[in-house]
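All of the numbers you see were taken from the coordinates with simple rules; none came from a lab. Note that the structure is predicted; figures quoted are calculated from it, not measured. Don't worry about glycine lacking a Cβ; one is built from the backbone with ideal geometry, like all the others, and counts go over all protein chains shown.
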């Protein structure tokens, strides 16, 4: 089994092509692969509970692991309590740990 | 334990987006974990290490150069190369053609000149490779 890691740096309210990540991540998960989406930079803006974007909720429901970079959250004033259910606060150190695991493929978006 | 090695391809020029900062954070975190890192700087990313970059004052805030402490990407590259000067090792290669196009040959110490063939070799020898493109 391959572990696919999507590093999403784009704000879904600015870049509609973030849909690519949702569709690809969900399809890979349905095929039986392990899939993680790591939100970084403006990608974390969709992680707020009040954000009107349901792509993260759909991915969480599909079994995709959702992580949000703590540094990016802090820079944008997003508190842990503001995160949507299913999104875990994480850090760049964890991302590095994942990147150097065997059978891991990383895609920056 | 098998040695881990991570290769990054960077393309974003300095002072353009938050991507450079994220890339520096990934490199720093990997080196702090004892992971060897290769960087292939392509296109505008070759200017990240340009030695001619100078910190500046901020006339809007009325601060001096010293007070402003303006961070330059070349200083970040130098710091990372200091951390990765042995074990773990940071290898930073600038694309030679990209350097020539931009007149960016005056890079900080430790930066090497190469070609996409070096990137291929780096990727083949690495545990994993992350390509961080421009938009």
When averaged across all projection directions, what area in nm² does the alpha-carbon convex hull of region B:5-132 cover?
-> 7.9
Arranged by the count of other C-beta atoms within 10 angstrom, fewest first, what order do B:33, B:112 take?
-> B:112, B:33
Could you give me the radius of gyration and the Dmax of region B:1-66, taking only the C-alpha atoms into account and expressing both in angstrom?
-> 15.5, 53
Counting other chain Cβ atoms within 10 Å of each Cβ in A:97-105 and taking the mean gives 4
In degrees rounded to 10, the 0-90 angle between helix B:73-83 Cα long axis and the longest Cα principal axis of chain B is 40
Listed with the fewest Cβ neighbours within 10 Å leading, B:15, B:42 appear as B:15, B:42
Unit Cα scatterers, Debye sum, the protein assembly as shown: log10 I(q)/I(0) for q = 0.08 Å⁻¹ = -0.33
Per the 1/(1 + (r/R0)^6) rule, R0 = 35 Å and r from the Cβ atoms of residue B:83 and residue A:24, FRET efficiency to 0.05 is 0.50
How far, in degrees from 0 to 90, does helix B:19-32 lean away from the longest principal axis of the Cα atoms of chain B, to the nearest 10?
-> 50
What shape does region A:3-109 have by the C-alpha gyration tensor, where a ≥ b ≥ c are the square roots of the eigenvalues, rounded means a/c under 1.5, and otherwise prolate means a/b greater than b/c and oblate the rest?
-> oblate
Exposure proxy order (Cβ contacts within 10 Å, fewest to most) of A:108, B:92 | A:108, B:92
On a 0 to 90° scale, report how tilted helix A:19-30 is relative to the longest principal axis of chain A, with both axes built from alpha carbons and the result rounded to the nearest 10.
-> 40
When the Debye formula is applied to the Cα atoms of region A:10-51, each taken as the same point scatterer, what base-10 log of I(q)/I(0) results at q = 0.13, 0.33 Å⁻¹?
-> -0.30, -1.11
Expressed to one decimal in nm², the mean projection of the alpha carbon convex hull of region A:43-106 is 4.6
